[in-house]
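Q: This is the structure I have questions about; it appears just below.
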Amino acid sequence: MATCYGASPLNSPDGFGAGECPAVRPGAAALDAPLDNGWLLDQVGDGFSALWFSRNGGLVPDALAQAQTNLAQRGRPVRLAIVSRETACARYGAEHEPALYLFRPDQHVAGRWRGYVPGAIEAALDRAMGKP
């Protein structure tokens, strides 16, 4: 059984409202869900991953894609993927509006937000890696 590290200093402050979608709050283990091409945990993989959950399959914000490029250039790659499958979006609180999650290599939630906030992924990545 997976353990939730809810009080870990490696977690970023929660970008969701109080009590909203508590099963996948920062520190929680990722929940699996079927996707069109496999399973969610396969998309999360074994490195840092940012998943953009959006029911309408909307494009990733340009600024988020640019953040991914900037991190890769700094030697800190983050895999970016869009998830639009209904079951996965429901499990991650994105039934009605998009949500962005950053997953650690151990497949626990490092941070989550209702949308992309410039600098949020970078700050969450530093925090998850124990950097000041």
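Q: Assign one of three labels to the chain, namely rounded, prolate or oblate, based on the Cα gyration tensor with a ≥ b ≥ c the square roots of its eigenvalues; rounded applies when a/c is under 1.5, prolate when it is not and a/b is larger than b/c, and oblate otherwise.
A: Here the chain falls in the rounded category.
Q: Hey, another quick one. Roughly to the nearest percent, how much of the accessible area of region 44-131 is carbon and sulfur, given a 1.4 Å probe?
A: Roughly 49 percent, rounded to a whole number.
Q: What Rg and what Dmax come out for region 7-65 when only alpha-carbon atoms are used, in angstroms?
A: Answer for region 7-65, Rg first and Dmax second: 13.1, 35 Å.
Q: Which value, in debye to the nearest 20, gives the size of the charge dipole of region 23-132 about its Cα centre, when Lys and Arg are +1 and Asp and Glu are -1 at the Cβ?
A: Using only the charged Cβ atoms, the result is roughly 340 debye.
Q: By DSSP, what percent of the beta bridges with both residues in region 39-132 are antiparallel, rounded to the nearest 5?
A: 65
Q: Decide, for region 88-132, between rounded, prolate and oblate: order the square roots of the alpha carbon gyration tensor eigenvalues as a ≥ b ≥ c, take rounded if a/c falls under 1.5, and otherwise choose prolate if a/b is larger than b/c, else oblate.
A: oblate
Q: Also, I was wondering about something else. Hey, what do the phi angles of region 93-106 turn into as Karplus ³J(HN,Hα) couplings, whole Hz, using 6.51/-1.76/1.60 and θ = phi - 60°, x for Gly and Pro?
A: Residue by residue, region 93-106 yields x, 10, 5, 10, 9, x, 9, 10, 10, 10, 10, 7, x, 8 Hz.
The values are calculated or read from the model by the stated rules, or taken from the named source; none is laboratory data. Predicted model, so just to flag it, every value in this text is computed and none were measured. Virtual Cβ from ideal backbone geometry, glycine too; neighbours counted across all protein chains shown. Accessible surface areas use protein heavy atoms only, side chains included; no ligands, DNA or RNA. Shrake-Rupley method; radii C 1.70, N 1.55, O 1.52, S 1.80 Å.
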